[in-house]
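Engineer: Please find one structure pasted underneath; my questions will follow.
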Amino acid sequence: MKSFIRFFSSVKLAIVLLIIITLASILGTLIPQHRSPAEYAANYGQLSGLLMRLEVTKLYSSWWYLALLFMFALNTIVCTLTRLLLKIKKVFRPAFDYSEKSLRSLNNTAGFSLDGSMKTLEGRIALALKWERFRVRSSKGDGRLLLRGTRKSLGHFGSDFVHLGLLVILAGGIISGFAGFRTTLQISEGQVLAVPTADFSLRLDKFTTEYYENGSVSDWKSDLTVIDDGEEALKKTIEVNFPLSYKGYVFYQSSYGWDWNHPSVELVMKKTLPVEAEETILLRIGEKAVFDNGDLEVHALQFVPDFILNDQNEVTTRSLQPNNPAVYIKAFRSGNEVFNGWLFSKFPDFARMHSRDEGDLNFSFSRYEAGQYSGIQMAHDPGVNWIWFGCALLMLGLCVAFYWPPREVRFILNEEKDRVLLTVGGIASKNKDTFKKEFDRLVESIRRQP
Amino acid sequence: MTEGTLFLVTFILYIAAALTYFASLFTRKDKLGRIGYGIVIGGLIIHTAALLLRTFESGHAPFTNMYESLSFLAWSGVLAWVIIDGKFKIHKPGPYVLLIVIALMALASSPLMPKEATPLVPALQSYWLWLHVSVTMLGEAFFAVAFVTSIMYLFASTKEKKGAASSTSISADRLDSISYRCVAIGFPLFTLGGLVFGMIWAYRAWGSYWSWDPKEVWSLITWFVFALYLHTRLVMGWKGKRSAVIAIIGFLAALFTYFGVNYLLSGLHSYA
Ligand code: HEM
């Protein structure tokens, strides 16, 4: 146990761990994370197996990286606690064990004698110290008087707040890792969606995309209603950077897309039989339109937003963006198929080339319409409040550590006939230049006779 | 006055200030150093005007593309230097700090940098962007000054060892303590801007405060290096050469976080 504490209270260990964690973190930014085995094999060849076995390919959640962080946390706890006990004792119950010799060896020191009794001088010094906002404590013994003034003692504990904040942040990270839950929801206008793991639902009332004048997206907005226990509990319009929170769940506007399952298409049909005519057809996929008293039928069978042929020469979509929308239709006359082919809204002339034979019918694909869905990133993260609390402690600690420098002045008073011999020493571990001035001013104010 | 003209005037003033500082370095006239300081303040004021004008014209924070971001970084560097020189009255590192600033300004005005203000993608429309970027850059600016004084320390200490130090040049000890003071200002700023505000913004925009994105990791690395600086110095009593080397590495890490990650690694922070 003793050697365990000694090992983990060492600052040298902290330095070594910091260096190793830094180097490991660098490695993780050089090797792309969370890619497929095939990609690693292509990029690293023989080495890829080793990289994956060492979990370098998911470094920040690898057992050894987490073990390093764990050791670092343990190091911080043990090191901070062991020093904290000593520090508390030193600050709140300081020992009066200093000598003239030790005071004279300090950077800020003075020695002189003054008229008056110990008692009056003690009062004067204490007054001067209090004037400069020092806290005064004294101790008497074998004809000497020891006085100690301390200021901004909280400054000793800045580093402890920093380390505590760091630990709270790490704890928050662990909570996030285990209890945090994140997923993307796709929700169309009018749809009610049960929120995964929660006991309430979400309804999208309206989804809008806003554009800048040059056509690029400026914002997405979703009007959401939280439905809890069958009642509308909360209504809010979310947009990027302005999420909705409810019962510890947060909903972020993250993307949008089209609902390609039920699009409707508008086709223009030109026919020459029985008379020349042009018809505009509005259809949903799976539906058919009928003309010429039931003799002519047009079926819309399939839709893809981004038409492409795959290796097997089958039609698929390359993406969910409407880059090359295409619709597959068939036409029948008296039950016989007279047209069969893909129509492209961006390439109106393509259809004829792909229809089986040149008939009297000519189609073009003029418009399509699909409902949009809103992509909502959902997060339920019980660790996040710990993170903010830890950050606050960390920042508070940094301010205290760097900008609240503790000061201490020590006095030894020795009675010598009817004069008193004074030895003064000042200690400051930070902002030594400013302390030098403070110290000199203090000593001068005591030295001057009232 | 257009923003471009103000930028140019600023650029010229910084060059003039650097030359004056250099002149003070070689002629050993402190008065020239003070004049250089005055010119830098003039440049900073006009630079501030340029940034404000840009903000009003574009309607968003002046650091959303590389041109704006470089110009803002240069501004932060000058501000940090004005504070340090004002506090410690040492003009000697001035020309070197300004050399970095001028390099940033030159890079910003190079034809490779697109200058027109573009509308913001949705994720960038947040006041946390202001806080995150401006505070981080200010912290990095103090690291930049520490970088310069640390390099000067290395030169000064070898010179002093040879017994060649002249009475007018700044002592190695003083450079060492100024480096520390810069880190002591830069570290809390960087922590607040780079890590805390960064996490808050990421949480507001993406729903996740930390995603181990390369830019995040490199900020963390920079932070670790300066934590190393503080602990070796304050707990283990390292000073001088070793401290200076860590401060230099720390600034290089910050620089890589800023430039390298964008151009060499890929991640979420695809904009400046
Ligand atoms: C990245 C993580 C860490 C950060 C950001 C950090 C930050 C700090 C800061 C800001 C200070 C105050 C410096 C000052 O007083 O001016 C400090 C002091 C200190 N740190 Fe850390 N620290 C970290 C990790 C650790 C670890 C793991 C240990 C464990 C060995 C440690 C041990 C100490 C000690 C012993 C002090 C001096 C405390 C005192 O006596 O007041 N630190 N740290």
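The values are calculated or read from the model by the stated rules, or taken from the named source; none is laboratory data. These numbers come from a predicted model, not from an experiment. Virtual Cβ from ideal backbone geometry, glycine too; neighbours counted across all protein chains shown. Surface accessibility is based on the protein's heavy atoms, side chains included, excluding ligands, DNA and RNA. Shrake-Rupley method; radii C 1.70, N 1.55, O 1.52, S 1.80 Å.
Engineer: To the nearest 100 Å², how much accessible surface do chains B and A hide from each other in total, with a 1.4 Å probe?
Structural biologist: Working: alone 12870 and 26530 Å², together 35550 Å².
Adding both sides of the contact gives about 3900 Å².
Engineer: While we're here: For the protein assembly as shown, build the charge dipole from Cβ charges (+1 Lys, Arg; -1 Asp, Glu) around the Cα centre, then report which of B:Gly207, A:Tyr98, B:Ala23 sits farthest towards its positive end.
Structural biologist: A:Tyr98
Engineer: Given the protein chains as shown and a 1.4 Å probe, how many square angstrom of A:Asp418 are accessible, to the nearest 10?
Structural biologist: 120
Engineer: Right, another one. Quick one: which of A:194-200, A:156-162, A:240-246 comes out on top by average Cβ neighbours within 10 Å, and what's the full order, highest first? Spell out each step's value before the answer.
Structural biologist: On the way: A:194-200: 13.7, A:156-162: 21.3, A:240-246: 18.9.
Result, highest mean Cβ count within 10 Å first: A:156-162, A:240-246, A:194-200.
Engineer: Then there is this: Rank A:Gly28, A:Asn324, A:Ile412 by how far each Cα sits towards the positive end of the charge dipole of chain A (+1 on Lys, Arg Cβ; -1 on Asp, Glu Cβ) and give me just the farthest.
Structural biologist: My answer, from the dipole projection, is A:Ile412.
Engineer: What is the sum of charges, Lys and Arg at +1 and Asp and Glu at -1, for the other residues whose Cβ falls under 14 Å from the Cβ of A:Lys288? Kindly include the intermediate steps, with their values, before the conclusion.
Structural biologist: Values: positive: A:Arg284, A:Lys330, A:Arg333; negative: A:Glu279, A:Glu287, A:Asp292, A:Asp295, A:Glu297, A:Glu337.
Net of charged neighbours comes to -3.
Engineer: Report the FRET efficiency, 1/(1 + (r/R0)^6), for A:Arg367 and A:Lys235, where r is their Cβ-Cβ distance and R0 is 22 Å, rounded to 0.05. Please list the in-between numbers first.
Structural biologist: Values: r = 33 Å, r/R0 = 1.51.
For R0 = 22 Å, the calculated efficiency reads 0.10.
Engineer: Quick check for me: using +1 on Lys/Arg Cβ and -1 on Asp/Glu Cβ, what's the dipole size of chain A about its Cα centre, in debye to the nearest 20? Please report the intermediate quantities before stating the final value.
Structural biologist: Details: 53 positive and 48 negative charges, 1108 e Å.
In total the dipole reaches around 5320 debye.
Engineer: Please get the size of the charge dipole for the range B:1-116, origin at its Cα centre, with Cβ charges of +1 on Lys and Arg and -1 on Asp and Glu, quoted in debye to the nearest 20. Don't skip to the end; give the middle numbers.
Structural biologist: Values: 9 positive and 6 negative charges, 134 e Å.
Approximately 640 debye in magnitude.
Engineer: Put a dot 7 Å past each Cα toward the Cβ at B:Trp130 and A:Asn313; how far apart are the dots in nm?
Structural biologist: Here the answer is 6.2 nm between the modelled labels.
Engineer: Over every pair of different alpha-carbon atoms in chain A, take the mean of 1/r and invert it; report that Kirkwood radius in Å.
Structural biologist: Numbers: mean 1/r = 0.0327 Å⁻¹.
For chain A, the Kirkwood estimate is 30.6 Å.
Engineer: A further question on this structure: Starting from the Cα of A:Lys330, step 7 Å along the direction of its Cβ; do the same at A:Leu282; then give the gap between the two resulting points in nm.
Structural biologist: Using points 7 Å along Cα→Cβ, the separation is 2.6 nm.
Engineer: Separate question: Can you tell which of B:Lys239, B:Lys89, B:Lys162 shows the greatest fluctuation in a Gaussian network model of chain B with Cα springs below 10 Å?
Structural biologist: B:Lys162
Engineer: Something else: Tally Lys/Arg at +1 and Asp/Glu at -1 over every other residue whose Cβ is under 15 Å from the Cβ of A:Ala277; what's the total?
Structural biologist: -3
Engineer: How far apart, in nanometres, would the label points at B:Ile45 and A:Leu74 be if each is projected 7 angstrom from Cα along the Cα-to-Cβ direction?
Structural biologist: Here the answer is 6.0 nm between the modelled labels.
Engineer: Heavy atoms only, 1.4 Å probe, whole protein assembly: order B:Arg233, A:Arg35 by accessible area, highest first. Can you show the working numbers first?
Structural biologist: Values: B:Arg233 30, A:Arg35 105 Å².
Result of the area sort, largest leading: A:Arg35, B:Arg233.
Engineer: Is any helix in chain B, taking whole DSSP H runs, at least 24 angstrom long along its axis by alpha carbon and on average at least -1.0 on the Kyte-Doolittle scale, and which ones? Could you put the intermediate results ahead of the total?
Structural biologist: Working: long enough: B:3-27 (36 Å, 1.62); B:30-58 (42 Å, 0.81); B:66-88 (32 Å, 0.99); B:127-161 (51 Å, 0.90); B:172-190 (26 Å, 0.61); B:214-234 (30 Å, 0.64).
What comes out of the filter, once short or polar helices are dropped, is B:3-27, B:30-58, B:66-88, B:127-161, B:172-190, B:214-234.
Engineer: Translational diffusion coefficient of the range A:239-301 at 20 °C, 1.002 mPa s, Stokes-Einstein with Kirkwood Rh over Cα pairs, in µm²/s as a whole number.
Structural biologist: Numbers: Rh = 15.6 Å.
After rounding, the answer is 137 µm²/s.
Engineer: How are the Cα pair distances of the range B:123-272 distributed, in percent, across 10 Å bins from 0?
Structural biologist: For the range B:123-272, the pair-distance distribution reads 12, 38, 28, 15, 6, 1.
Engineer: Rounded to the nearest 0.05, what FRET efficiency is calculated for B:Val245 and A:Ser445 with R0 set to 45 Å and r the Cβ-Cβ distance? The partial results should precede the final answer.
Structural biologist: On the way: r = 44 Å, r/R0 = 0.97.
Efficiency for this residue pair is about 0.55.
Engineer: Can you tell me the FRET efficiency between A:Asn261 and A:Tyr212 if r is taken as the Cβ-Cβ distance and R0 is 30 Å, rounded to the nearest 0.05? Working shown, then result.
Structural biologist: On the way: r = 30 Å, r/R0 = 1.01.
Between A:Asn261 and A:Tyr212 the formula returns 0.50.
Engineer: Moving to a separate point now. Mind checking the dipole of the range B:123-272: about its Cα centre, +1 per Lys or Arg Cβ, -1 per Asp or Glu Cβ, Debye to the nearest 20?
Structural biologist: Numbers: 11 positive and 6 negative charges, 103 e Å.
Here the range B:123-272 has a charge dipole of around 500 debye.
Engineer: Over the Cα atoms of the range B:1-116, compute the convex hull volume and normalise it per residue, giving Å³. All intermediate terms of the calculation are to be shown ahead of the outcome.
Structural biologist: Values: hull volume 9.9 nm³, N = 116.
Convex hull volume per residue, Cα atoms: 85 Å³.
Engineer: At 222 nm, what helix-only mean residue ellipticity would chain B give, in deg cm²/dmol to the nearest 500, using -39500 (n - 2.57) for each DSSP H run of four or more? The partial results should precede the final answer.
Structural biologist: Details: 10 runs with 197 residues, N = 272.
Here the helix-only value at 222 nm equals -25000 deg cm²/dmol.
Engineer: Which value at 222 nm does chain A reach when only helices count, each DSSP H run of 4 or more adding -39,500 (n - 2.57), with the total divided by all residues and rounded to the nearest 500 deg cm²/dmol?
Structural biologist: Values: 11 runs with 154 residues, N = 450.
So the calculated ellipticity at 222 nm is -11000 deg cm²/dmol.
Engineer: Right, something else. So what does B:Leu112 come to for accessible area, using a 1.4 Å probe and Å² rounded to 10?
Structural biologist: Per-residue accessible area (B:Leu112): approximately 150 Å².
Engineer: Heavy atoms only, probe 1.4 angstrom, no DNA, RNA or ligands counted: give me A:Asp228, A:Asp311 ranked by accessible area, highest first.
Structural biologist: On the way: A:Asp228 25, A:Asp311 150 Å².
Heavy-atom accessible area, descending, gives A:Asp311, A:Asp228.
Engineer: On to the next question. Determine the principal axes of the Cα atoms in the range B:189-242, then give the extent along each, sorted from largest to smallest and rounded to whole angstroms.
Structural biologist: Its Cα atoms span 42, 19, 13 Å along the three principal axes.
Engineer: Shifting gears a bit: By how many nm would the segment from A:Ser105 to A:Phe347 grow when fully extended, if each residue of separation counts as 0.36 nm and the alpha-carbon distance is taken off?
Structural biologist: Numbers: separation 242, 0.36 × 242 = 87.12 nm, distance 9.11 nm.
Net length gain for the segment: 78.0 nm.
Engineer: Arrange the peptides B:58-70, A:76-88, A:364-376 so that the one whose residues have, on average, the most other Cβ atoms within 10 Å appears first.
Structural biologist: Ranking, from highest mean packing down: B:58-70, A:364-376, A:76-88.
Engineer: I would also like to ask the following. Helix by helix, which DSSP H runs in chain A go 15 Å or more along their axis at the Cα atoms and have an average Kyte-Doolittle hydropathy of 0.5 or more?
Structural biologist: A:11-30, A:63-92, A:158-179, A:384-403
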